[in-house]
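I have placed the structure first, in the form of structure tokens, so that the comments after it can refer back to it.
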Amino acid sequence: MRQVDYPLPFRSLVRELRRLPGIGPRSAERIALWLASAQDARPGDLATALEQARMELKPCSVCGFFATGDLCEICADTSRKGGALCVVEYATDVLPLERTGVHEGNYHVLGGRLAPLDHVGPDQLRITSLLKRVEEERPAEIILALSADVEGEATSSFVAELLASSGVKVTRIAQGLPAGGGLEHADPLTLQRALSGRRMMGGA
Ligand SMILES: [Zn+2]
């Protein structure tokens, strides 16, 4: 007896969905079922939104946050210059911090964290551009807002060491962010406390 499998179009859809971060086989099948058969799924709109995001979004040339032109909305706002510079892992970490209302300066997106096992070294992250920015902008403080797991800690220490010679004050946000979860999983109050209770890592 031949083993039964889904028809090819369904298998192809599931295969593409499984390539998305955080989507396992069961979730991929459930999403595929919904996309392929639900009344209100509108797969055409989804495809258009995907293509538009891919075509029109690019990283801000200064900080790495989402932009549709050369600069993002945050870097284009000149009233923020000279304050603290907040360093995060991903572009999606910026808005959760922004919404706490505690940080009024600029951001710098590293694009991930050091993960030797996944072949992510310093050259894969936006570290050189961070050092250059610190030299040029001389921020009042550099706040490292990376996640609290082993890789996040290692990245914080690595960056703090590189920044030590700059003479700029380096702090990191207080513990309390979910280990391995990243900033997007922390609730606003936890984030606010983490930002307010930051501690010194070096510098002036
Ligand atoms: Zn920017």
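Fewest neighbouring Cβ atoms within 10 Å first, the residues Cys75, Cys86 line up as Cys75, Cys86. Only helices enter this figure: runs of n ≥ 4 DSSP H residues, each worth -39500 (n - 2.57), summed and divided by the residues of the chain, yield -12000 deg cm²/dmol at 222 nm to the nearest 500. Per-peptide packing, taken as the mean over residues of other Cβ atoms within 10 Å, places 11-24, 130-143 in the sequence 130-143, 11-24 from highest down.
Once Rg and the Kirkwood radius are both taken over the C-alpha atoms of the chain, their ratio Rg/Rh works out to 1.07.
Around the amide H of Val87, modelled in the peptide plane, lie the amide H atoms of His108, Ile143, Leu144, Ala145, all under 5 Å away and 5 or more residues distant in sequence or on another chain.
Given axes a ≥ b ≥ c from the Cα gyration tensor, I'd like to know whether region 17-58 is rounded (a/c under 1.5), prolate (a/b larger than b/c) or oblate. Since a/c reaches 1.5 but b/c is at least a/b, the shape of region 17-58 is classed as oblate.
The 3J(HN,Hα) values that the Karplus relation (6.51, -1.76, 1.60; θ = phi - 60°) gives for region 64-70 are, in residue order, x, 6, 4, 9, 10, x, 6 Hz. Gly and Pro appear as x. Where both bridge residues fall in the chain, DSSP classifies roughly 35% of the beta bridges as antiparallel.
Could you check how many percent of all C-alpha pairs in region 1-101 are farther apart than 19 Å? Considering region 1-101, 62 percent of its Cα-Cα pairs are separated by more than 19 Å. The mean of 1/r over all distinct Cα pairs in region 78-172, once inverted, gives the Kirkwood hydrodynamic radius of 13.5 Å. For region 29-112, the set of GluC sites (Glu not before Pro) satisfying both a DSSP loop assignment and a count of at most 15 other C-beta atoms within 10 Å is given as Glu104.
Coordinate-derived values only; no laboratory data. Just so it is clear, the model here is predicted, and its values are computed rather than measured. Neighbour counts are summed over all protein chains in view; Cβ atoms, including those assigned to glycine, are modelled from backbone coordinates with ideal geometry.
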